Amino acid sequence: MRRSLSLLALLAGLALFAVACGDDDAASSDTSAPATSAPGTEEPELSGTITVYSGRSEELVGPLLEQFTAATGIDVEVRYGDTAEMAALILEEGGNSPADVYFGQDAGALGALASEGRLVALPDDVVEEVDPALRSTRGEWVGVSGRVRTVIYNTELLTEDDLPDSILGFTDPEWSGRIGWAPTNGSFQSFVTALRVLEGEDGARAWLEGILANSPVAYQNNTALVEAVAAGEVEVGFVNHYYLYRFLAEDPAYPAANRFFTDGDPGGLVNVAGVGVVDTSDDEDLALALVRYLLSAEAQEYFANETFEIPLAAGVAPAAELPDIDSLTLPEIDLDQLEDLAGTLALLTEVGAL
């Protein structure tokens with residue numbers, strides 16, 4: 001009975017998270033397929049079909065999955081939806097789920113599945129492709145691309161030296177009326193979940209209350225927030241790094257820049273899009289072939305050049321002007337701990353951010 005109640009609470013939390021999420025995984029301005037040359041699979045004799053439950057949009061990762069099929073001969077049937085929605089569906093379907101692979105945009109949802117025993121342990125050679133901080137501590141899922149939390153600022157109004165050295169510094173009254181945020185956005189909520197882990201419940205509440213005291217302007221999503229900063233409606237905003245680079249790709253003179261926190265500050269959280277093999281998979285070898293492919297140089301270059309995310313494996317360099325993952329000092333947090341989305345939504349509601 002206790003496990004049933006726990007599962008119901010988890011499903012409810014994931015459902016709420018799905019409703020609250022903004023455009024975390026909106027596609028980039030150019031989602032053409034990567035170069036037609038593709039790496040050979042390590043197991044060319046494999047053939048068949050796998051079912052992927054994807055919390056990443058078809059426009060964003062569809063070309064990459066097609067490339068996988070071309071490279072390996074393995075067909076992919078994909079069910080697309082919100083990251084939390086797809087995780088909740090796997091939990092609801094139980095042992096009858098047709099899913100072989102779960103592809104999520106957020107470590108919290110991956111952690112939620114792992115905590116319920118729905119992801120199998122991956123081989124050591126797979127998980128060791130990625131920094132331990134960017135994968136499951138138990139080897140049940142692995143990050144394939146990284147999204148760094150940053151503060152975006154208007155370069156016509158501010159320089160980087162004008163900004164606090166920590167995300168925690170934006171509670172200073174001098175920032176009153178100058179901040180934009182998107183509190184309904186899934187990536188922001190993951191950041192708050194991380195803040196609860198790093199600073200404790202009271203610390204996270206104090207930060208949220210401090211930001212609210214500075215009268216932040218709320219935006220529907222990160223894209224609108226970036227546009228607002230560039231237009232000078234607000235001077236700074238809390239976003240994932242890659243949104244700005246989509247604008248810079250169209251206009252190199254776009255009047256905004258990212259402030260990266262590289263000293264272990266909570267504001268420098270690196271969340272991941274990641275994958276895991278579902279325990280209902282009929283053919284784990286085929287499922288693992290996709291996991292391996294997403295960590296290959298070909299796929300990592302796709303993330304770097306098409307979505308402006310940070311490559312996590314295969315020694316692939318990020319897009320120009322983006323930091324390499326090895327140059328970032330990450331906050332000391334187990335990304336599996338980002339699973340408590342319901343607790344974060346409760347806190348955001350309690351303080352009046354939602």
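The values are calculated or read from the model by the stated rules, or taken from the named source; none is laboratory data. Not measured: the values here are computed from a predicted model. A quick note on method: Cβ atoms are made from the backbone with ideal geometry, for glycine too, and the neighbour counts reach across all protein chains shown.
Data overview
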item	result
Which numbered condition Ala299 misses (of (1) surrounded by fewer than 24 Cβ atoms within 10 Å (Cβ to Cβ); (2) farther than 25 Å from Phe191 by Cβ)	(1)
Number of the exception - Glu235 against (1) buried (at least 18 other Cβ atoms within 10 Å of the Cβ); (2) under 22 Å from the mean Cα position of the chain (by Cα)	(2)
Complete set of residues in the stretch 297-354 that are among the β-branched types (Val, Ile, Thr), in contact with a Pro (Cβ under 8 Å, 6 or more places away or on another chain) and modelled with pLDDT under 85	Ile325
Flag if Pro216 is surrounded by fewer than 18 Cβ atoms within 10 Å (Cβ to Cβ) and either within 30 Å of Val120 (Cα to Cα) or at pLDDT 95 or above (or both)	no
Thr69 more than 20 Å from Asn185 (Cα to Cα) and among the hydroxyl-bearing types (Ser, Thr, Tyr)	yes
Counted residues, the stretch 168-202 - those being of a type in the set (A, V, I, L, M) and farther than 21 Å from Thr223 by Cβ	5
Test: Asp131 is within 17 Å of the chain's Cα centre (by Cα), over 23 Å from Leu345 (Cβ atoms), surrounded by fewer than 23 Cβ atoms within 10 Å (Cβ to Cβ) and not hydrophobic (A, V, I, L, M, F, W, C)	yes
Total residues in the stretch 311-353, condition in contact with a Lys or Arg (Cβ under 7 Å, 6 or more places away or on another chain) and among the hydrophobic types (A, V, I, L, M, F, W, C)	2
Selection count, the stretch 166-193, where residues are exposed (fewer than 15 other Cβ atoms within 10 Å of the Cβ) and modelled with pLDDT under 95	0
Where Ala314 falls short, out of the listed (1) of a type in the set (A, V, I, L, M, F, W, C); (2) assigned to a loop (DSSP other than H, G, I, E, B); (3) on the phi < 0 side of the Ramachandran plot	(3)
Index of the failed condition, Asn221 passing every other in (1) touching an Asp or Glu at 6+ places or on another chain (Cβ under 6 Å); (2) crowded, with 22+ Cβ neighbours inside 10 Å; (3) of a type outside the set (Gly, Ala, Ser)	(2)
Residue in the stretch 275-292 that is surrounded by 19 or more Cβ atoms within 10 Å (Cβ to Cβ) and more than 22 Å from Gly55 (Cβ to Cβ) present	no
